[in-house]
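Engineer: Sharing a structure here in structure tokens format.
The values are calculated or read from the model by the stated rules, or taken from the named source; none is laboratory data. Computed from a prediction, not measured in an experiment: that's the story for all the values here. Ideal geometry is used to build each Cβ from the backbone, glycine not excepted, and the neighbour counts take in all protein chains shown.
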Amino acid sequence: MLRKLDFEEIVKARNIRNFINGEYIETGRWFEKRAPYDGHVVARVAEAGKAEVDAAVRAAREALHGPWSKLVVTERVEMLYAVANEIDRRFEDFVEAEMTDMGQPAHFIRHVDVPRGAANFKLFADIIKNVPTEFFEMATPDGRGALNYSVRKPVGVVAVICPWNLPFLLMTWKVGPAMACGNTVVVKPSEETPQAAALLAEVMTTVGIPKGVFNVVHGFGPDAAGEFLTTHPQVSAITFTGETRTGAAIMKAAADGVRPVSLELGGKNAAIVFADCDRDAAIEGTLRSAFANCGQVCLGTERVYVERPIFDEFVSRLKRGVEAMKPGLPTDPASGMGPLISQEHRDKVLSYYKKAVEEGATVVTGGGIPEMPEALKAGAWVQPTIWTGLGDDSVIAREEIFGPCALVMPFDNEAEVIRRANDNDYGLATAIWTTNLSRAHRVAAAIEVGIAWVNSWFLRDLRTPFGGVKQSGIGREGGVHSLEFYTELKNVCIKL
Ligand code: NAD
Ligand code: 6OD
């Protein structure tokens, strides 16, 4: 049920402060967060400088040895359940925060982004509660033997650097496992989406998470809060979601001190549609994978390979589907799509729209800015767009655009499409549409990605490994795989 929201009420600017050692810290330097749908100032945010980042990291380090470290696993688990329950209790607050920060339709935020916040705490609490340990008996020369067992220790202070595209989902996806494993965290949300992190700080206070365990510093990336955090010598590990270029800069920062990184980076994901597919399902799935969240999903599809016999029909059905997506306010139940996150990002997306035409693409639909009512004209709206007529070497087939657009290309056989789909710098995800079981397995095995979906997209069980190959990232998180990053395994050998 869509709760009726008073937009006048929501867009009243609120002040967001840094959350350090359980306290709200102002800095005297404010930046504005504007709603992507109409440009209103949604919040004023206190920008953290070097001093605040340092205070946050020190608080987190201190907290590593405080009451947090004294909790046995089952007690920590109870606290994480309490966090999850409090998120559920404040569900509508998070929905409002995400709607005004991202501008996406309420039904999307309600079904994807916010529920995952609570789930990310519950799931990793359950995993840590049930984690098994290794145990090995060994022989010794004196015949008495020895026992080995391994224990998982927290890595320490974890820096969590977040993007803006699914802010709450992607932040809790890191904070949940980090805290479950006994670490303390300093979160740097994207400057574009500060609100969910601010609300999560309130949740932590309400449920009594000890001071310093969860800290939030707000601000920008290079030469600002993000870089101050990733270069801080007392940060033990860095988990990052964002652009590949930023990931490379963070990896360099992590080299000082030889600190581990987990990098979830960009993508240029391919959908592969075979002529034997269930066409309704493939159309519906491809529309979602290319246009959900206004195309701002790392797993989203920007290259669509369609087997030639069904190419024309597929393109014309996609066109119909796209043209039925009406842009609108998040609270408008008829809204099929929100705006892009910012004017700056819109400039980037529109530059690709222009480039596509310059390179000779056929614009099947879209390609520009939609006509919007006067009140929304300052929003970062773009038309969902489909191109044909270009090949794998075009810029729009190679570079991540991160907008509501896809290049649709025909192919003639399985070997060819595998080669073409793999001929890309990225390797995050793919969606394969076919009713041929053997082909599904063959293609899934051959595509160079971390995540292959067959006849689905974004079907996510949180226990499964998540991450990319090539320039889409380093490492896997999800389920027990997260433990590899958020804990250090220590072996204890007992001589009998
Ligand atoms: P971004 O790289 O611009 O920013 C991400 C975060 O890094 C922000 O908080 C930013 O302030 C910070 N940052 C920027 N420069 C920094 C620096 N030098 N040092 C430290 N921090 C710095 O990414 P974005 O535009 O926010 O997000 C969109 C990108 O994220 C897309 O490329 C998308 O594919 C990617 N993404 C990947 C995944 C995945 O799981 N692979 C998930 C979501 C988004
Ligand atoms: O489902 C997830 O846990 C996840 N990390 C999704 C990433 C989406 C990227 O935009």
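Engineer: Taking segment 245-260 only, how many residues are away from ligand 2 (no atom under 16 Å from the Cβ) and either outside any loop (DSSP other than H, G, I, E, B) or of a type in the set (Phe, Trp, Tyr) (or both)?
Structural biologist: 9
Engineer: For segment 418-445, give me each residue that is of a type in the set (A, V, I, L, M, F, W, C), under 26 Å from Glu484 (Cα atoms) and away from ligand 2 (no atom under 12 Å from the Cβ).
Structural biologist: Across segment 418-445, the qualifying residues are Ala444, Ala445.
Engineer: Contact list please: Cβ distance under 6 Å, first residue in segment 116-132 and in the same structural domain as Gly478 (by TED's automatic domain parsing) and within 16 Å of ligand 1 (Cβ to nearest atom), second residue of a type in the set (S, T, N, Q) and part of a helix (DSSP H, G or I), pairs at least six apart or on different chains.
Structural biologist: Partner pairs satisfying both residue conditions: Gly117/Thr172; Asn120/Thr172.
Engineer: Moving on. Looking at Gly336, Gly321, Gly328, Gly295, which is the one that is modelled with pLDDT under 95, of a type outside the set (A, V, I, L, M, F, W, C) and out of contact with any Phe, Trp or Tyr (no Cβ under 6 Å at 6 or more places or on another chain)?
Structural biologist: Gly336
Engineer: Still on this structure, please answer the following. With Pro163, Pro132, Pro141 as the choices, which residue is within 24 Å of Val186 (Cα to Cα) and not hydroxyl-bearing (Ser, Thr, Tyr)?
Structural biologist: On the way: Pro132 fails: within 24 Å of Val186 (Cα to Cα); Pro141 fails: within 24 Å of Val186 (Cα to Cα).
Checking each option against the conditions leaves just Pro163.
Engineer: Quick one: which of Arg460, Arg419 is touching a Gly at 6+ places or on another chain (Cβ under 9 Å) and basic (Lys, Arg)?
Structural biologist: Numbers: Arg419 fails: touching a Gly at 6+ places or on another chain (Cβ under 9 Å).
Just one listed residue meets the conditions, Arg460.
Engineer: Oh, and also: Given the structure, is Asp113 within 16 Å of ligand 1 (Cβ to nearest atom), under 23 Å from the mean Cα position of the chain (by Cα), assigned by TED's automatic domain parsing to the domain that holds Pro233 and of a type in the set (Asp, Glu)?
Structural biologist: yes
Engineer: Right, next: Take the residues of segment 133-182 that are among the polar types (S, T, N, Q) and more than 16 Å from ligand 1 (Cβ to nearest atom): which is farthest from His481 (Cα to Cα)?
Structural biologist: Thr140
Engineer: For segment 300-307, state whether one or more residues are among the aromatic types (Phe, Trp, Tyr) and under 22 Å from Asp425 (Cβ atoms). Before you say what the answer is, go through the steps one by one.
Structural biologist: Here is the first cut: in segment 300-307, the residues among the aromatic types (Phe, Trp, Tyr) are 305.
Remaining after also requiring under 22 Å from Asp425 (Cβ atoms): 305.
Checked against the condition, which is being among the aromatic types (Phe, Trp, Tyr) and under 22 Å from Asp425 (Cβ atoms), segment 300-307 yields at least one hit.
Engineer: Moving on. When Gly478 is evaluated against the numbered criteria (1) assigned by TED's automatic domain parsing to the domain that holds Asn422; (2) free of Cβ contacts under 8 Å to residues at least 24 places away in the same chain, which criterion, by number, is the only one it fails?
Structural biologist: (1)
Engineer: Among residues belonging to segment 47-58 that are in contact with a Ser or Thr (Cβ under 9 Å, 6 or more places away or on another chain) and surrounded by fewer than 23 Cβ atoms within 10 Å (Cβ to Cβ), point out the one that is nearest to Met102 (Cα to Cα).
Structural biologist: Filtering first and then ranking leaves Glu47.
Engineer: For segment 189-229, give me each residue that is crowded, with 24+ Cβ neighbours inside 10 Å and among the basic types (Lys, Arg).
Structural biologist: Passing the criteria: none in range.
Engineer: Give the number of residues within segment 440-496 that are within 15 Å of ligand 1 (Cβ to nearest atom), more than 15 Å from Ala270 (Cβ to Cβ) and assigned to a strand (DSSP E or B).
Structural biologist: Qualifying residue count for the region: 4.
Engineer: Going by the conditions given, is Phe291 part of a helix (DSSP H, G or I) and buried (at least 23 other Cβ atoms within 10 Å of the Cβ)?
Structural biologist: Judged against the criteria, Phe291 is a match.
Engineer: Also, quick follow-up: Name the residue that is farthest from His232 (Cα to Cα), counting only residues in segment 252-298 that are among the aliphatic types (A, V, I, L, M) and free of Cβ contacts under 8 Å to residues at least 40 places away in the same chain.
Structural biologist: The qualifying residue farthest from His232 (Cα to Cα) is Ala275.
Engineer: So which of Pro167, Pro210, Pro177, Pro154 ends up being over 20 Å from Gly66 (Cα atoms) and either within 16 Å of ligand 2 (Cβ to nearest atom) or not polar (S, T, N, Q) (or both)?
Structural biologist: Going through Pro167, Pro210, Pro177, Pro154 in turn, just one is over 20 Å from Gly66 (Cα atoms) and either within 16 Å of ligand 2 (Cβ to nearest atom) or not polar (S, T, N, Q) (or both): Pro167.
Engineer: For segment 230-244, which residues satisfy the criterion of being under 13 Å from the mean Cα position of the chain (by Cα), part of a loop (DSSP other than H, G, I, E, B) and buried (at least 22 other Cβ atoms within 10 Å of the Cβ)?
Structural biologist: Gly242
Engineer: Taking the criterion of being within 20 Å of the chain's Cα centre (by Cα) and touching a residue at least 12 places away in the same chain (Cβ under 8 Å), would at least one residue in segment 432-443 satisfy it?
Structural biologist: No, the conditions are met nowhere in segment 432-443.
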